[in-house]
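Chemist: Take a look at the following structure, please.
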Amino acid sequence: MARDPRYDILFEPVKIGPVTAPNRFYQVPHCNVLGHARPRAEAANRAVKAEGGWGVICTQEVEIHPSAELAPYVEGRLWDDRDIPQHRLMTDAVHEHGALAGIELCYNGFHAPNLYSRIAPMAPSAMPVHGLNPAQARAMSKRDIADLRRWHVEAAKRSRQAGYDIVYVYAGHNMTLLQHFLKPQYNQRSDEYGGSLENRVRLTREVLLDVKEAVGQDCAVAFRFATDELIGPDGLQAESEGRDIVAMLAEIPDLWDVNISDWSNDSSSARFEPNEGYQEPYTAFVKTLTSKPVVGVGRFTSADAMVSQIKRGVLDLIGAARPSIADPFLPSKIDAGRIDEIRECIGCNICVAQDMLAAPIRCTQNPTQGEEWKQGWHPERIDTAASDDAVLVVGAGPAGLECALQLANRGYAVTLAEATETLGGRVSRESELPGMSSYARVRDYRENLLRQKPNVEIYLGNRLGAEEVVDLGIPHVLVATGSSWRRDGVGRQHAFPLAGIEALNILTPDDIMHGVPLGGRVLIYDDDHYFMGSTLAELCRNQGHDVCLVTPESRVSVWTENTLEQGKIQARVLSLGVVVICSHQLVELVEGEATIANVYRADLQQRLPFDSLLMVTSRYPQDELYQALLAFEDRFKTLRSIGDCNAPGTVAAAVYDGHSAARYLESGQDYYAPLFAREIPALD
């Protein structure tokens, strides 16, 4: 297959200052929690994207000085010359595939609590540090400002020595000191660095010019800037100060990397920003004010949308973080005319959650993310089959589909048996919920490829029992029969079934997703704390029900703090008229009435009437078939449960488990061995 000529424009080189990007595909800086702690993994992770055709590959934010460090989060570090060798690993790996390497120099100011260095953070003016840390940042003196400029210059020179082609100055996401200087709510200075917009821009201008003077002959200097904060006049707005800042600095950087702030807006989940290019209304003006190339993001996965951005003069380079994570080979697939093989990002923000949890990157669509060095996984290559044996995969949810696809890629003859009449399992059901339609991509990508495989047979409406599986005589059996939601209230708050619950007609998310009707007033008890409780509350309100959502946690869907959704979720359910009661648990149930108690004061109780009680607590693995097959274990070379059938979790966890099972089938190695590949720092 060959590239569609409509997409030729995407493969044109773009000159960026003294360097030239080989095409318009640009992996903007994004975190992967490999960074300074795992430099070999970092290099391997970025190298795969360069191999996949991205013309520019950037780091995550890189700390330039210990007075602004992000412990316990693992980003990049370039504190002194000792950090250069680990960066050289990354630049060499990226250059090997013909791409440019970019580094995002970062000074976080009061956004960095300095839990490691214990140095008092600095800010334009004295103020509390970001988050809930009981500390305050001190106001910067003129000497501090001079130091900051010097630290940027020193870091830029080290970046050049480490082999970087593009050096960033960063003022975005409400995370960096330069952006803090731009904002009047943080910058209340009365000297030449505060007050008027021109004064608030002064430090950014100085740093940009300093860095250009230091390395501009060899390296392009990029400016990452948030044009709008989406909070109206309380923050930067694209149509006013955002535009003015771009006009003031228009020709200084070699590249404008533009987005919106804060991170929850820039990396908004598909639940709240379902469309590609959603940032265009806030960033399209930038190209009208500068002759320099502009890169921007918008969770682009469609080649047509990318071409449109360029032809309409919105962007010069197509920026991506999450789409490059979901498919590092997205550019190569467009180039080769294999668009139907692109693993499209679903905007679930599991990748973001890993950074929030200070854990290495993972992706729902691409289970090889973060495993390139540790396990030697490649998103497009897999070892060939170890034998001519056939394999049976029972269950076609996310784990079963991924497992069957990778087994087929290895060359095994695969039989995929699904009890229902459709593929996809939980992702098919969950994708029908409000805001969750992108989850269908997990199914669609795998189903499309599986149906093209001559070594795959798919049987729908085929509910197999243990004896039927044994009678098939297939030597390798992987059971991916999923999970089901519990009705008894057992979850994080309740270790035992709730008294009296067995006598009531309790509904679960499975019932709702299968179309069981609800009556009147709906009481939702959410002890799961991910998306399900709030999504069902939205569904019930859309159906016209009065809804009360009770949770033992202090906020609705509290785990989605990690996916940058929690504030938006709570705002949405409240705007829909859902009654929200936090920090309360169920203590007694009778027909039509629930008694709830404050989790901190059990004597503070209230009664809530309901017509339908919906429990969102925890799940059972549906492992009955697997347990029955254990009695015949000696009949199989492999018998294993995978995905939610093994341990209910996220869709990302299910896809990963299915992928791992396929990778290591007949490998003969210890299942746990890859987990112990780790980077051990050398001692001086």
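Chemist: Does at least one position in region 158-177 carry a residue that is more than 17 Å from Trp256 (Cα to Cα) and acidic (Asp, Glu)?
Modeler: Let us first name the residues in region 158-177 that are more than 17 Å from Trp256 (Cα to Cα), namely 158-164, 174-175, 177.
Next, only the ones that are acidic (Asp, Glu) stay: none.
Within region 158-177, not a single residue is more than 17 Å from Trp256 (Cα to Cα) and acidic (Asp, Glu).
Chemist: Limited to region 504-538, what total is found for residues that are polar (S, T, N, Q) and assigned to a helix (DSSP H, G or I)? First the steps, then the outcome.
Modeler: First pass over region 504-538, keeping only residues polar (S, T, N, Q): 505, 508, 534-535.
Subset that is assigned to a helix (DSSP H, G or I): 534-535.
Counting residues in region 504-538 that are polar (S, T, N, Q) and assigned to a helix (DSSP H, G or I) gives 2.
Chemist: Search region 307-330 for residues being under 21 Å from the mean Cα position of the chain (by Cα) and assigned to a helix (DSSP H, G or I), and hand back the single one that is farthest from Gln354 (Cα to Cα).
Modeler: Keep residues of region 307-330 that are under 21 Å from the mean Cα position of the chain (by Cα), which gives 318-330.
Next cut, assigned to a helix (DSSP H, G or I) only: 322-326, 330.
Details: Arg322: 13, Pro323: 16, Ser324: 16, Ile325: 13, Ala326: 14, Leu330: 22 Å.
Looking at residues that are under 21 Å from the mean Cα position of the chain (by Cα) and assigned to a helix (DSSP H, G or I), I get Leu330.
Chemist: Which residue pairs have Cβ atoms under 6 Å apart, sit 6 or more places apart or on different chains, and have a first residue in region 599-612 that is of a type in the set (Ser, Thr, Tyr) and a second that is modelled with pLDDT under 95?
Modeler: Filtered contacts from region 599-612: Ser612/Leu518; Ser612/Gly519.
Chemist: Run down Arg441, Arg426, Arg446 and say which single residue is basic (Lys, Arg) and either without any contact (Cβ under 8 Å) to a residue 60 or more places away in the chain or surrounded by fewer than 22 Cβ atoms within 10 Å (Cβ to Cβ) (or both).
Modeler: That would be Arg446, the only listed residue that is basic (Lys, Arg) and either without any contact (Cβ under 8 Å) to a residue 60 or more places away in the chain or surrounded by fewer than 22 Cβ atoms within 10 Å (Cβ to Cβ) (or both).
Chemist: Residues of region 188-243 being in contact with a strand residue (DSSP E or B) (Cβ under 7 Å, 6 or more places away or on another chain) and part of a helix (DSSP H, G or I), which ones?
Modeler: Of everything in region 188-243, those that are in contact with a strand residue (DSSP E or B) (Cβ under 7 Å, 6 or more places away or on another chain) and part of a helix (DSSP H, G or I) turn out to be Thr204, Val207, Leu208, Val211, Lys212, Val215, Ala238, Gly242.
Chemist: Within region 288-305, take every residue that is outside any loop (DSSP other than H, G, I, E, B) and touching a helix residue (DSSP H, G or I) at 6+ places or on another chain (Cβ under 6 Å) and give me the one that is farthest from Gly102 (Cα to Cα). Before you say what the answer is, go through the steps one by one.
Modeler: Initially, region 288-305 is screened for residues outside any loop (DSSP other than H, G, I, E, B), giving 288, 294-296, 303-305.
Applying the additional criterion that residues be touching a helix residue (DSSP H, G or I) at 6+ places or on another chain (Cβ under 6 Å) yields 294, 296, 303.
Working: Val294: 15, Gly296: 15, Ala303: 24 Å.
Only one residue fits best here, namely Ala303.
Chemist: From the residues in region 1-36 that are on the phi > 0 side of the Ramachandran plot and in contact with a strand residue (DSSP E or B) (Cβ under 6 Å, 6 or more places away or on another chain), which one is surrounded by the fewest Cβ atoms within 10 Å (Cβ to Cβ)?
Modeler: Restricting to residues being on the phi > 0 side of the Ramachandran plot and in contact with a strand residue (DSSP E or B) (Cβ under 6 Å, 6 or more places away or on another chain), the top hit is Gly17.
Chemist: Go over the candidates Gly515, Gly519, Gly577 one by one and state the one that is out of contact with any helix residue (DSSP H, G or I) (no Cβ under 9 Å at 6 or more places or on another chain), assigned by TED's automatic domain parsing to the domain that holds Gly592 and at positive phi.
Modeler: Gly515
Chemist: Mind telling me which of the residues Arg118, Arg143 ends up being charged (D, E, K, R), loosely packed, with under 15 Cβ neighbours inside 10 Å and part of a loop (DSSP other than H, G, I, E, B)?
Modeler: Arg118
Chemist: A further question on this structure: Residues of region 244-287 being among the polar types (S, T, N, Q), part of a helix (DSSP H, G or I) and more than 28 Å from Cys219 (Cβ to Cβ), which ones?
Modeler: From region 244-287, those among the polar types (S, T, N, Q) are 259, 261, 264-265, 267-269, 275, 279, 283; that's our starting set.
If we keep only those that are part of a helix (DSSP H, G or I) as well, we get 264-265, 283.
Of everything in region 244-287, those that are among the polar types (S, T, N, Q), part of a helix (DSSP H, G or I) and more than 28 Å from Cys219 (Cβ to Cβ) turn out to be Ser264, Asn265.
Chemist: Within region 317-326, does at least one residue satisfy the condition of being surrounded by 21 or more Cβ atoms within 10 Å (Cβ to Cβ) and without any contact (Cβ under 8 Å) to a residue 24 or more places away in the chain?
Modeler: From region 317-326, those surrounded by 21 or more Cβ atoms within 10 Å (Cβ to Cβ) are 317-326; that's our starting set.
Next, from what is left, pick out any that are without any contact (Cβ under 8 Å) to a residue 24 or more places away in the chain: none.
No: zero hits.
Chemist: In region 374-412, what residues are of a type outside the set (D, E, K, R), farther than 20 Å from Val442 by Cα and part of a loop (DSSP other than H, G, I, E, B)? I'd like the intermediate steps shown before the answer.
Modeler: Initial filter on region 374-412 (of a type outside the set (D, E, K, R)): 375-379, 382, 384-387, 390-401, 403-409, 411-412.
Restricting the remaining residues to those that are farther than 20 Å from Val442 by Cα gives 375-376, 384-387, 390-392, 411-412.
Selection gives Gln375, Gly376, Thr384, Ala385, Ala386, Ser387, Gly411, Tyr412.
Chemist: May I pose another question? Would you mind stating whether Gly109 is surrounded by 24 or more Cβ atoms within 10 Å (Cβ to Cβ), within 24 Å of Thr204 (Cβ to Cβ) and either of a type in the set (S, T, N, Q) or under 24 Å from the mean Cα position of the chain (by Cα) (or both)? Reasoning before the result, please.
Modeler: Details: surrounded by 24 or more Cβ atoms within 10 Å (Cβ to Cβ): yes; within 24 Å of Thr204 (Cβ to Cβ): yes; either of a type in the set (S, T, N, Q) or under 24 Å from the mean Cα position of the chain (by Cα) (or both): no.
For Gly109, the condition - surrounded by 24 or more Cβ atoms within 10 Å (Cβ to Cβ), within 24 Å of Thr204 (Cβ to Cβ) and either of a type in the set (S, T, N, Q) or under 24 Å from the mean Cα position of the chain (by Cα) (or both) - is not met.
Chemist: Output the number of residues of region 620-679 satisfying the condition of being hydrophobic (A, V, I, L, M, F, W, C) and over 30 Å from Arg40 (Cα atoms). Write out each step before concluding.
Modeler: Here is the first cut: in region 620-679, the residues hydrophobic (A, V, I, L, M, F, W, C) are 625, 628-632, 636, 639, 642, 645, 647, 651-655, 661-662, 665, 673, 675-677.
The next check asks that each one be over 30 Å from Arg40 (Cα atoms); those that pass are 625, 628-632, 636, 639, 645, 647.
So the answer is 10.
Chemist: It is to be established whether one or more residues within region 138-148 are among the small types (Gly, Ala, Ser), closer than 30 Å to Pro85 by Cβ and either at pLDDT 95 or above or in the same structural domain as Asp80 (by TED's automatic domain parsing) (or both). Spell out the reasoning first.
Modeler: Going through region 138-148, the residues among the small types (Gly, Ala, Ser) turn out to be 139, 141, 146.
Now narrow it down to the ones that are closer than 30 Å to Pro85 by Cβ: 146.
When the remaining residues are screened for being either at pLDDT 95 or above or in the same structural domain as Asp80 (by TED's automatic domain parsing) (or both), the result is 146.
Within region 138-148 (the criterion being among the small types (Gly, Ala, Ser), closer than 30 Å to Pro85 by Cβ and either at pLDDT 95 or above or in the same structural domain as Asp80 (by TED's automatic domain parsing) (or both)), the answer is yes, since at least one residue qualifies.
Chemist: Just to be sure before I move on: is Arg312 of a type in the set (Lys, Arg) and either buried (at least 21 other Cβ atoms within 10 Å of the Cβ) or in contact (Cβ under 8 Å) with a residue 40 or more places away in the chain (or both) in the structure I sent?
Modeler: Against the criterion (of a type in the set (Lys, Arg) and either buried (at least 21 other Cβ atoms within 10 Å of the Cβ) or in contact (Cβ under 8 Å) with a residue 40 or more places away in the chain (or both)), Arg312 does not qualify.
Chemist: Here is a follow-up. State which residue is farthest from Ala50 (Cα to Cα) when the search covers only region 88-104 and only residues that are of a type in the set (D, E, K, R) and assigned to a helix (DSSP H, G or I).
Modeler: Pass one, region 88-104, residues of a type in the set (D, E, K, R): 88, 92, 96, 104.
Now narrow it down to the ones that are assigned to a helix (DSSP H, G or I): 88, 92.
Numbers: Arg88: 15, Asp92: 11 Å.
Per the criteria, the residue is Arg88.
Chemist: Given (1) touching a helix residue (DSSP H, G or I) at 6+ places or on another chain (Cβ under 6 Å); (2) crowded, with 19+ Cβ neighbours inside 10 Å; (3) more than 30 Å from Glu666 (Cβ to Cβ), where does Gly435 come up short, assuming only one miss?
Modeler: (1)
Chemist: Going by the structure shown, is Arg3 in contact with a helix residue (DSSP H, G or I) (Cβ under 9 Å, 6 or more places away or on another chain) and either among the acidic types (Asp, Glu) or part of a helix (DSSP H, G or I) (or both)?
Modeler: On the way: in contact with a helix residue (DSSP H, G or I) (Cβ under 9 Å, 6 or more places away or on another chain): yes; either among the acidic types (Asp, Glu) or part of a helix (DSSP H, G or I) (or both): no.
Here the answer is no, as Arg3 does not meet what is asked.
Chemist: Can you tell me which residue in region 204-247 is farthest from Tyr26 (Cα to Cα), limited to those that are of a type in the set (S, T, N, Q) and free of Cβ contacts under 8 Å to residues at least 12 places away in the same chain? Reasoning before the result, please.
Modeler: Residues of region 204-247 that are of a type in the set (S, T, N, Q), as a first pass: 204, 217, 227, 237, 240.
Next, from what is left, pick out any that are free of Cβ contacts under 8 Å to residues at least 12 places away in the same chain: 237, 240.
Details: Gln237: 25, Ser240: 28 Å.
Per the stated criteria, the residue is Ser240.
Chemist: Would you confirm, using the coordinates I've provided, whether Pro39 is in contact (Cβ under 8 Å) with a residue 60 or more places away in the chain, within 16 Å of Asp92 (Cα to Cα), surrounded by fewer than 24 Cβ atoms within 10 Å (Cβ to Cβ) and in the same structural domain as Thr290 (by TED's automatic domain parsing)? Outline the logic, then answer.
Modeler: Numbers: in contact (Cβ under 8 Å) with a residue 60 or more places away in the chain: yes; within 16 Å of Asp92 (Cα to Cα): yes; surrounded by fewer than 24 Cβ atoms within 10 Å (Cβ to Cβ): yes; in the same structural domain as Thr290 (by TED's automatic domain parsing): yes.
Criteria met by Pro39.
Chemist: Could I ask something else about it? If Gly482 passes every condition in (1) at negative phi; (2) modelled with pLDDT of 95 or more but one, which one does it miss?
Modeler: (1)
Chemist: Just give me the residues in region 541-586 being under 28 Å from the mean Cα position of the chain (by Cα), of a type in the set (Val, Ile, Thr) and outside any loop (DSSP other than H, G, I, E, B), in sequence order.
Modeler: Scanning region 541-586 gives Val550, Val558, Thr560, Ile569, Val573, Val580.
Chemist: Provide a single number: the residues in region 114-129 that are without any contact (Cβ under 8 Å) to a residue 60 or more places away in the chain, over 28 Å from Lys157 (Cβ atoms) and not hydrophobic (A, V, I, L, M, F, W, C).
Modeler: So the count comes out to 1.
The values are calculated or read from the model by the stated rules, or taken from the named source; none is laboratory data. Since the model is a prediction, treat every value here as computed from it, not as a measurement. Quick reminder, even Gly has a Cβ in these numbers, built from the backbone with ideal geometry, and neighbours come from all protein chains shown.
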